[in-house]
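The values are calculated or read from the model by the stated rules, or taken from the named source; none is laboratory data. If you're wondering where the values come from, they're calculated on a predicted model, not measured in any experiment. So basically every Cβ, Gly included, is an ideal-geometry build from the backbone, and we count neighbours across all protein chains shown. The accessibility values were calculated without ligands, DNA or RNA, using every heavy atom of the protein model including side chains. Shrake-Rupley method; radii C 1.70, N 1.55, O 1.52, S 1.80 Å.
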Amino acid sequence: METIKNALDFSDFPRLDLTVAGAVALCLIIFPLFPLSSFAMSTMIQFLMFALYGMGWNTIGGYGGQVDLGKAQYVGIGAYTTAVMLIRWDIPFWVSMPIGVCFAVTWSFIIGYPLFRLKGHYFAIATIATSLVLKDIFEVWEFVGAARGLEISPIKYHPPDFLRLIFREDIYYFYFILGFFFLGILYINWFRKSRLGYQLRSIKDNEDMARSLGINVHWAKIKTYAIATGFVSVVGSFHACYIKNIEPEDTMSLDISILIALMAMLGGAGSLWGPIIGAGILIPLKSYLKEWLGAQAGLVGIDLILYALIIMLISAYEPRGVWGIIEKIRRRKRA
Amino acid sequence: MTLLEVQHLTKNFGGLTANDDISFHMEKGELVGLIGPNGAGKTTLFNCISGLHAVTSGRIVFDGEDITPLKAHEVARRGLARTFQVYVAAGDLTVEENVMVGCFMKTASRSRARAHADQILRELNIRDLSDYMVSELPVAAQKRVTMATAIGSDPKLLLLDEVAAGLNPNEVEAIMASIRHVHDEMGITVMLIEHVMELVMKVTHRVIVLDYGRKIAEGDPESISTNPQVIKAYLGERYVKEQRSSAG
Ligand SMILES: Nc1ncnc2c1ncn2[C@@H]1O[C@H](COP(=O)(O)OP(=O)(O)OP(=O)(O)O)[C@@H](O)[C@H]1O
Ligand SMILES: [Mg+2]
């Protein structure tokens, strides 16, 4: 009971936040009614996907303060599970998605156990390494198409196929991911108020202190990492059905991992709205940059420069990102 | 009833013996002081008892159970809480949230944790700090917050590491009142490390003195304050002068 109440209860946010959030939610819901280019639509879907990746990252990375730069491996596990099962055995999304989550969570326990013995930068680097290793394995693994990847060909199905999540028009994908997005917000809203949520913030605050308050620090981190992983894997499964063409290079690359972490940090690590704000800034920016630079060869890589710039700004100015700035201004006003 | 029994506890850091064959015990309901010069091994002793450090040799029995091999969180769950001498709040918890983390040891319900936290904050007279970030408070207030947090876990034994360090006389009065309240009203057995002798003399029932990792004396506050060995090792001129000036 209290679980449901906590998930639905946003009353600790000021009215202004809730008004803005409500307005944004409404805009999202009616967004497809506007005459849109397919470019705007796909950018919007990307935004929602990355907001969800960011929310998942935010549990362990934001509330827990464990900078994780290996989320792409779980995008990959989710995407590949769904794609392989659909292509080989015609298993629908709603079955393969939870199975993907199981695989991803199992993998997260296997690597989380040793990884969380590491601290700070070592942990971050180790997450990169495991992600790259998994990508390398997928690149030579024939069963999953090796470096060529997998292709879900929509001709074989009869879109709209709600079981397999195969659609011709993006609007279906939009509403599905929007549904996940709202569920994701409710979940994180519950999480941040759960015992584990508080314990994680205490761990981020001071680990010895957390231990002396009866918190099994290692286990709390592993559990949260599994939660983050589940989130990412669900969206990975969706990604397979939406993109239909997955390769290790674009589902599991380091770029994706960094983008996920960076976005959440830019918006505000450790806050409910942070990852959404971060995705709202970075994803359109990235899409438009790519579109705009598409014709101008030689300027590729500008997104990397942009990332570097953001990292510098965050670390120098406000570690808690855009949301941190907003909160600071509010505190100053109140004081 | 014996709540804590430390038997021949030794802790080495490489070549340094920070705790050297220390034995003592505490009865339920006692309020014991632990004093000694800087580097005597007081904090190390707390770290060993609370399971943050593995002991080199010796045994620690808490509430009838040998807790020597247990990890810090396991020790805490058996009802042994502590504060830290040096506490760096790196995160963004408010005072209330911080205390709630302590309360979450005994309950998974947020509303119950919050109610308990508010009650503790009220009892320690720091309810008005509830919404501040711990990291933005002055050290004195932070110490009272960490004390409240430790109490949140509903301990049988509370170890306080220099909660009065660096406080002005008014603040010392306030924290002394809090310690008494915790002991008398909440019924928690307390052991405290303190350099503020006034506090030790006024609130404790019994004092243990460490010097160079060894226990050099133990007894009631008056006998400790006149013990020549303790005066030589620790209290020294400083204390004698203090006594004289407060008398005059
Ligand atoms: N983690 C550690 N590693 C190595 N040496 C340590 C460690 N912790 C403490 N020491 C050493 O052990 C000795 C005892 O230190 P401890 O902190 O227990 O003293 P203390 O009595 O609490 O002193 P103070 O009154 O200054 O707080 C010191 O020489 C210290 O340098
Ligand atoms: Mg000390």
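For the reader, a short list of remarks on this structure follows.
- Search result, residues across the stretch A:107-118 that are in contact (Cβ under 8 Å) with a residue 24 or more places away in the chain and in a loop (DSSP other than H, G, I, E, B): A:Phe116, A:Arg117
- Those residues of the stretch B:55-70 which are assigned to a loop (DSSP other than H, G, I, E, B) and either hydroxyl-bearing (Ser, Thr, Tyr) or facing chain A (nearest Cβ under 7 Å) (or both), in sequence order: B:Thr56, B:Thr68
- Test for B:Met186: is it within 16 Å of ligand 1 (Cβ to nearest atom) and not aromatic (Phe, Trp, Tyr): no
- Qualifying positions in the stretch B:98-112 - part of a helix (DSSP H, G or I) and more than 14 Å from A:Ile215 (Cβ to Cβ): B:Val99, B:Arg110, B:Ser111, B:Arg112
- A:Met49 farther than 24 Å from A:Asp205 by Cα and within 14 Å of chain B (Cβ to nearest Cβ): no
- Of the residues making up the stretch A:96-106, just one is over 17 Å from the mean Cα position of the chain (by Cα), modelled with pLDDT of 95 or more and open to solvent by less than 70 Å² (accessible area, probe 1.4 Å), namely A:Ile99.
- Residues satisfying the stated conditions in the stretch B:190-223, i.e. surrounded by 22 or more Cβ atoms within 10 Å (Cβ to Cβ), more than 16 Å from ligand 1 (Cβ to nearest atom) and not in a loop (DSSP other than H, G, I, E, B): B:Val190
- Within the stretch A:267-287, the set of residues being assigned to a helix (DSSP H, G or I) and within 21 Å of A:Phe182 (Cα to Cα) comprises A:Gly267, A:Gly274, A:Pro275, A:Ile276, A:Ile277, A:Gly278, A:Ala279, A:Gly280, A:Ile281, A:Leu282, A:Ile283, A:Pro284.
- Test: residue in the stretch B:71-89 that is more than 14 Å from every other protein chain (Cβ to nearest Cβ) and either of a type in the set (A, V, I, L, M) or over 18 Å from the mean Cα position of the chain (by Cα) (or both): no
- Residue that is most open to solvent (accessible area, probe 1.4 Å), among those in the stretch B:26-42 that are among the small types (Gly, Ala, Ser) and within 16 Å of ligand 2 (Cβ to nearest atom): B:Gly39
- Only listed residue being open to solvent by 30 Å² or more (accessible area, probe 1.4 Å) and of a type in the set (Ser, Thr, Tyr), chosen from A:Tyr157, A:Tyr122, A:Tyr173: A:Tyr122
- Candidate set from the stretch A:223-252 (those that are in contact with a Lys or Arg (Cβ under 9 Å, 6 or more places away or on another chain) and among the polar types (S, T, N, Q)); member that is modelled with the lowest pLDDT: A:Thr251
- Being touching an Asp or Glu at 6+ places or on another chain (Cβ under 8 Å) and over 24 Å from A:Phe191 (Cβ atoms) is a condition met by no residue of the stretch A:17-37.
- Residue among B:Leu34, B:Leu9, B:Leu16, B:Leu52 that alone is within 16 Å of ligand 1 (Cβ to nearest atom), within 14 Å of chain A (Cβ to nearest Cβ) and not polar (S, T, N, Q): B:Leu52
- Residues that are within 16 Å of ligand 2 (Cβ to nearest atom) and open to solvent by 10 Å² or more (accessible area, probe 1.4 Å) within the stretch B:43-75 comprise B:Thr43, B:Thr44, B:Asn47, B:Leu52, B:His53, listed in sequence order.
- One residue from A:Arg201, A:Arg168, A:Arg192 being farther than 30 Å from B:Tyr87 by Cα, in contact with a helix residue (DSSP H, G or I) (Cβ under 8 Å, 6 or more places away or on another chain) and either basic (Lys, Arg) or within 14 Å of chain B (Cβ to nearest Cβ) (or both): A:Arg168
- Only residues that are away from ligand 2 (no atom under 16 Å from the Cβ) and part of a helix (DSSP H, G or I) were counted in the stretch B:115-141, giving 17.
- Number of positions in the stretch B:161-180 that are open to solvent by less than 20 Å² (accessible area, probe 1.4 Å) and away from chain A (no Cβ under 12 Å): 8
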